[in-house]
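The structure appears below as structure tokens.
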Amino acid sequence: MSWLFLGVISVIFAAIAIVAWRKWIAPWRHIDQLVRQIAGGERPRTFLVDGGTRAQRVGLALENVFRRQEQLDEQIAGRESGTQAMLGAMQDGLLVVDMGRHITLMNRTFGDLFELRGEAVGTPLLEIVRHATLDRLIAETLRTGERMQSELTLTDSKTSAERHVEVSAVPLKDDVDLIAGAVVLFHDITQLKQLDQIRRDFVANVSHELRTPLSILRGYIETLLESGQTSRAELRRILGVMERHSERLRILLEDLLSLAKLESANPNLEFSTVRLDELCLNVARDWEKKFAEKNLHAIVDLAPGLPSVYADASRLQEILYNLLDNAVKYSPKDGEVRLRVEQRGKEIALSVSDNGVGINKEDLPRIFERFYRADKSRSGEEGGTGLGLAIVKHIAQLHRGRVEAESERGKGTTIRVLLPTDVTE
């Protein structure tokens, strides 16, 4: 009988244990597993918890917490994506550092400026950007709490080209107005520096081009004023020199005015239908005297079936005049000058070739710059104003065209203007 009683008691205790396991122990183990999965960033397969009402309520609460966390993560990701998009779209470089000068934020432009590869957030700035001026600027901003500004010169490791960057550093303060770091902006001013240098060179070149003929004119005027008696032959010679230099001044001023008008916001081109064959033949007739002075053989090579173009006839004539002027100047006596017009695919090419001295390979990319002379040994009087090819380039661009040059030292030069065929009728 005792054995039967013990058996019943054991069964009762086992049943109680099973019920307790299912109702209190197992559910809370399941809840513990859910908490671990959520904390680890995993999504549980289910939030349904077997057992008592309290455990089930906890499971439902965890599901609500998880869904709320997902929504917050999505909002954070969206804001971070928007922030990164804005940072990526910035033309200026952006860098944020903490008090220890560790990088806390940077954009792609900053990385490109300093040729950084990979993730740099959290890294000490000095480990990846070794630039003494930048380091001193940031250190001074963190020390004084004031805005600092400076300029950096960076060198491209691939092209060795210099880039000029304006740097502004401002202190970053926390909620209690204590300095917590610095925000640094990097603005590329390379183009501004280049434009300023072009302006300086232009002023210097114009001054030089004006100074020589004006000095000569003034010298001869003083000679005539101081000399009581000047022979007719000497007077004729002096007046000839003065006329030549006054003509040089006139040409220079006309070229300067033409270039200024072409570079203005409203160049006032007068477009009309232009027959290229007639234009070239008329220009060649205008230049017959110039060709004859050096006994040059002029060839007008017109491809058959040339279309008319919708362009400014006077400006196209100016292109040809400038190209022929260069060809005649640099051609030897008894040389050859060729004016050619042809259609090349979707472009019409107007070119002038000579068999003169040619241009060095290193000078060729710069011949369309204002006042640039490939032959430095020639004086301004012999080589013209130095503005002709710059004018040609601007006129071509205003017709949506382009220019190109081919040359070989000692064999001659070809300057070509290419106009798109969609400017034709």
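For the stretch 94-204, the Kirkwood hydrodynamic radius from C-alpha pairs, put into Stokes-Einstein at 25 °C and a viscosity of 0.890 mPa s, yields a diffusion coefficient of 163 µm² per second.
Each residue of the stretch 243-256 was assigned a 3J(HN,Hα) from its phi angle through the Karplus curve 6.51 cos²θ - 1.76 cosθ + 1.60 (θ = phi - 60°); the sequence is 5, 4, 6, 5, 5, 4, 5, 4, 5, 4, 5, 5, 5, 5 Hz, with glycine and proline shown as x. Computed log10 I(q)/I(0) for the stretch 198-281 at 0.10, 0.17, 0.20, 0.22 Å⁻¹: -0.47, -0.84, -0.97, -1.05, from the Debye equation with unit scatterers placed on every C-alpha and solvent omitted.
In the context of the full set of protein chains, the stretch 185-281 has a per residue accessible area of 68 Å² (1.4 Å probe). Each Lys or Arg adds one and each Asp or Glu subtracts one; over the other residues with Cβ under 13 Å from the Cβ of V203, this totals +1. Sites listed here are trypsin sites (Lys or Arg not before Pro) in the stretch 117-218 whose DSSP assignment is loop and whose Cβ has at most 15 other Cβ atoms within 10 Å: R117, R130, R147, K158.
Counted over the stretch 211-358, the DSSP beta bridges are approximately 65% antiparallel. When we measure straight from the Cα of K294, which lysines land under 22 angstrom away, once same-chain ones fewer than 8 places off are left out? Within reach: K329, K333, K411.
Applying a DSSP loop filter and a limit of 10 other Cβ atoms within 10 Å to the trypsin sites (Lys or Arg not before Pro) in the stretch 306-335 leaves K333. Taking amide H as placed 1.01 Å from N in the peptide plane, L387 has its amide H under 5 Å from the amide H of F371, each at least 5 places away in sequence or on another chain.
The portion of the accessible surface of the stretch 161-303 made up by carbon and sulfur, rounded to a whole percent, is 53 (1.4 Å probe; DNA, RNA and ligands excluded).
The values are calculated or read from the model by the stated rules, or taken from the named source; none is laboratory data. This is a predicted model, so every value here is computed, not measured. Because the Cβ atoms are built from the backbone with ideal geometry, glycine has one as well, and the counts that use them run over all protein chains shown. With ligands, DNA and RNA removed, areas are computed over all heavy atoms of the protein, side chains included. Shrake-Rupley method; radii C 1.70, N 1.55, O 1.52, S 1.80 Å.
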